[in-house]
Every structure is written in structure tokens, then in C-alpha cells.
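The structure that follows is given in the form of C-alpha cells.
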Amino acid sequence: MARSFTREVEIDRLGARGDGVAQTPQGPVFVPYTAPGDRVGIRLGKPVDQGFAGEMLELHTAGPDRIEPACMHFHDCGGCALQHLTPAFQAAWKQGVVETALGRRDLDASLVRQIRAVAPGDRRRAEFVARKVGAGIVLGFNRRQSSKIVDLKTCLVLAPPLVALLPGLRKLLAGLIQSGATAEAHATLTDTGVDVLLSGIAPDLEGRETLASFAEEADLARLSLKHDGGSETVVQRRVPVVHFADIPVVLPQGAFLQASPAAESLMREAVLAAVGAAGPVADLFCGLGTFALPLSARMPVFAADGEAASVATLQQAAGRAGLPLRSEVRDLARRPLSAKELDRFAAIVFDPPRAGAREQAIEIARSKVPLVVGVSCAPGTFARDARVLADGGYRLESVLPVDQFVHTPHVELVAVFRR
Ligand SMILES: C[S@@+](CC[C@H](N)C(=O)[O-])C[C@H]1O[C@@H](n2cnc3c(N)ncnc32)[C@H](O)[C@@H]1O
């Protein structure tokens, strides 16, 4: 049965999800939106992670790194977890997350370089959720660990054109969602305007005309509908294009794109600097070619990813630009490139999803490729895979953390290995 009683605790650190942690006789208590050094009155909640969840009821004394959060939605909205902490604390904490993950796998944490941060307001992707409630509509992000939606008026981390979309989107969806039903709007700021992919609505002819008018009023690049079987373009006013370095790529609906262009540039600079003129290079988990395309302007590239639409787009972009790039749609968990296949390359770049690249790392570790650059948004799985490379004879040379997801507990990194 869930416990629920109040007490005062002192927060002594942040846990992996950015919650403040207080040590108590019952074990650690994880209290969201608290800072180290805070003395807070809490309600003890249900058991979690070998401890308990706690809810802050009152702040009695503020810790030295606490600041006033800038956004009116902080605490309600599940998007941000760390706005109440100074930027310097957030940076140092994220750097520590990367160092700790390496240390746990017996890798040298002193190789972690100074974290690079990006400014808030640069995030170019948002997945808004909307629900019809009575005659009105709530539109925004989910509350923390809840299906309740925070009706978003503003957002500090999103690029301003995505925030500007909210009033029009709210009006549009109010006429298209059934009462009590939920819809989603996936919005991406491309270099030619905002691209919107709507799901959870089934508009009739009149509804489609309303969608077209909205696209006009909001000056969207494209508006599409997601069905079970895929995506349908309703209006394309301009081709939605992103550039990797200077190379244009047409964005497929819903494809992966790094969340912040500034962070993407930092990561790309780090990858290009590490690879240098090594060529030929394999870019595994290449997506739309964030790294593969700029690399192919310097050397022959082989690029592989499991998403057929991304690979097709990347190949077309390379073809248009006359770049020496070959690609393959390939599930790299089930069918990783073998050590023998890898041995034709002078360098490997790999950038897997949060689950990491365990199977691919095993093959890389067996290869003779002299240089490997790993990019990751999950330090824990990265360190697991880095251990596999180290056991296979690779020497970790450097790790650059990048704070792409400002005010969240997430951190990206670019790591260089050699043998
Ligand atoms: C973090 S993204 C990186 C993409 C790209 N490097 C970039 O920077 O935009 C991870 C990529 O891994 C791909 N992916 C996920 N699971 C995969 C699998 N089992 N096999 C191959 N690719 C996979 C996704 O399609 C996605 O493009």
C-alpha cells in the first residue's frame, strides 16, 4: 500500500532523472523540482527505484544553486525538469552524469571534456498533444508522468515559430477533434518553414479545407495527416528542407532530426574534426545524413539506417549534390555490419537510438578499423558499448558532452576511440 505522510528532508544530490534525492532511514526519496541543499517539506509517496517518490509541499530553505524558474508552466509541464537550477549547475551536473556513466564501466572519466551548452529557444521539434474538453481544447505537453495535458501558453525551450503556432493550432483542432478524444501535432521548424504532421483526426472534405486555410494563415511549409498506413500530404506550400552543413535534404514526415540545430552543429563539428581526412568512412545509424552528407563532401561514405524513408532521402540528397555516398536500409541490431565488412573503412561513425548499439559494437570491437566516433543521447548505454570497444582493444581518447536538451536531464555526447 502507498505511504503518504509529511516530513522535512534535506536534498543532497540529483538522481538520474533530475529529481532531488534525500537520504532517509527508509532509503532515498526522489523529489522532483528540488535542488541540492534545499530543505523541503515533502509528502512521501509510492516505492520507486529502491526508494520512494516524494512530492515537495513547501520549500523551507533554498539550496545555493536554486533560482527562480523563468517559465510560468514549470512544475506543471512535463517538458522541463531543471529550470529551477542555475545554468552552471545544470552544465556541471550533466557533465557529471557522463563521467559517472563512464566510471561505472571502468572507463577513464578524466577524458570527458568541458560540456558545450546551447541556448534555450533553439529546439526545432515539438510533439504537442491536444484533447477536446467541453467546447474548448487543451493543447501542449503532458504533465510529468501523466496523461493530463498542460495548456501551453509559452515555452522557453522551443524555437519561437513553434510557440507562435499554438493559438492557431488550438482553434483548428477544436473544430476537428471529437469530444474527449486526443490528437497529436508533430511540428518541426525546417529551413523553409514549419512542417506539421497531425494524427488522431479524420477530417472530411470541409475539414480538409480548414486544414488548408490554417496552413495558409500559419504560413506552414507543409501540413500532413498521419494514418495507420503512413502519412498523407494535405498541403505543401514550400518543400520542407533542412541543411546539413550546406547540403539540402527534403524532410520526410516524422523522420528523426537532431532536436537543436545549434547542438547538431556542435556534434557535427566534433565528428568531422575527429574523422579528419581518414576516409572511406561508415556512418551507422545515419538517419537523414547529419554526419554522412558533410563527410561525403570530403571522402567516400557508406551510410546505413533501419528507416527506409530516411535512407532514400539521404541517397537522393547525395545524388543531387553529386556526393560519393552509398547507402543501405539495414537493421543494425539484427544484422550489424560484420567485422569483415567494416575492415574496408578507415573510420566508423555510429549514432544509435537510446537503447545503444550492443550488437554493432561487438562487431566493431572485432574489426581492425583504426578510428571510431560514437555519438549518443544515452550515456548509460553508450558506456556499456564503449566497454565492449575497450575490451576489443580500442582506446577511448575523448568525450565531448553537449547539452542539447536544455532544462531536461538528457545529455548528448561525441566520443573518439582509436586502435
Ligand atoms: C539518434 S538517431 C541518429 C540519426 C543521425 N545520425 C542524426 O544525427 O540525425 C538514431 C537512428 O538510428 C536508427 N535506428 C534505430 N534503430 C535501428 C536499428 N535497429 N537498425 C538501424 N537503424 C536504427 C533510427 O532510424 C535513427 O535514424
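Would you mind stating whether residue 282 is under 17 Å from residue 268 (Cα atoms), in contact (Cβ under 8 Å) with a residue 60 or more places away in the chain, open to solvent by less than 20 Å² (accessible area, probe 1.4 Å) and not polar (S, T, N, Q)?
Details: under 17 Å from residue 268 (Cα atoms): yes; in contact (Cβ under 8 Å) with a residue 60 or more places away in the chain: yes; open to solvent by less than 20 Å² (accessible area, probe 1.4 Å): yes; not polar (S, T, N, Q): yes.
Yes: the conditions hold for residue 282.
Only one of (1) open to solvent by 20 Å² or more (accessible area, probe 1.4 Å); (2) in a loop (DSSP other than H, G, I, E, B); (3) at pLDDT 95 or above fails for residue 82. Which number is that?
(1)
Mind listing just one residue for me: the one in region 256-275 that is within 11 Å of the ligand (Cβ to nearest atom) and over 19 Å from residue 158 (Cβ atoms) and, of those, nearest to the chain's Cα centre (by Cα)? Spell out the reasoning first.
We begin by selecting, within region 256-275, every residue within 11 Å of the ligand (Cβ to nearest atom); these are 256-259, 263-264, 267-268, 271.
Among the residues that remain, those that are also over 19 Å from residue 158 (Cβ atoms) are: 267-268, 271.
Numbers: 267: 13, 268: 16, 271: 18 Å.
So the residue we want is 267.
Looking at 337, 342, 314, which one is open to solvent by less than 10 Å² (accessible area, probe 1.4 Å), near the ligand (Cβ under 10 Å from one of its atoms) and among the aliphatic types (A, V, I, L, M)?
Matching residue, one of 337, 342, 314: 314.
Would you be able to say whether some residue in region 57-72 is outside any loop (DSSP other than H, G, I, E, B), in contact with a Gly (Cβ under 7 Å, 6 or more places away or on another chain) and closer than 25 Å to residue 381 by Cβ?
No, there is no match, as no residue in region 57-72 is outside any loop (DSSP other than H, G, I, E, B), in contact with a Gly (Cβ under 7 Å, 6 or more places away or on another chain) and closer than 25 Å to residue 381 by Cβ.
Please list, ordered by first then second residue, the pairs with beta carbon atoms under 9 Å, 6 or more apart or interchain, first in region 224-246 and farther than 16 Å from residue 211 by Cα, second open to solvent by less than 70 Å² (accessible area, probe 1.4 Å) and of a type in the set (D, E, K, R).
239/222; 240/195; 240/222; 242/124; 244/264; 244/268; 245/268
Could you list, in sequence order, all residues of region 317-332 that are open to solvent by less than 10 Å² (accessible area, probe 1.4 Å) and either within 14 Å of the ligand (Cβ to nearest atom) or among the aromatic types (Phe, Trp, Tyr) (or both)? Walk me through it before giving the result.
Filtering region 317-332 for residues open to solvent by less than 10 Å² (accessible area, probe 1.4 Å) gives 317-318, 332.
Selection gives 317, 332.
Pull out all pairs, ordered by first then second residue, where Cβ-Cβ is under 9 Å, the residues are six or more apart or on different chains, the first lies in region 353-376 and is within 11 Å of the ligand (Cβ to nearest atom), and the second is among the hydrophobic types (A, V, I, L, M, F, W, C) and modelled with pLDDT under 95.
Sorted first by the residue in region 353-376, then by its partner, the pairs are 353/256.
Filter region 49-62 for residues that are closer than 16 Å to residue 23 by Cβ and either open to solvent by 80 Å² or more (accessible area, probe 1.4 Å) or not assigned by TED's automatic domain parsing to the domain that holds residue 35 (or both) and give the result.
Passing the criteria: 49, 50.
When the residues of region 292-311 are filtered to those that are more than 10 Å from the ligand (Cβ to nearest atom) and not aliphatic (A, V, I, L, M), which remaining residue is most open to solvent (accessible area, probe 1.4 Å)?
By that ranking, first place goes to 298.
The values are calculated or read from the model by the stated rules, or taken from the named source; none is laboratory data. If you're wondering where the values come from, they're calculated on a predicted model, not measured in any experiment. Because the Cβ atoms are built from the backbone with ideal geometry, glycine has one as well, and the counts that use them run over all protein chains shown. Accessible surface is based on the protein model in full, side chains and every heavy atom, while ligands, DNA and RNA are left aside. Shrake-Rupley method; radii C 1.70, N 1.55, O 1.52, S 1.80 Å.
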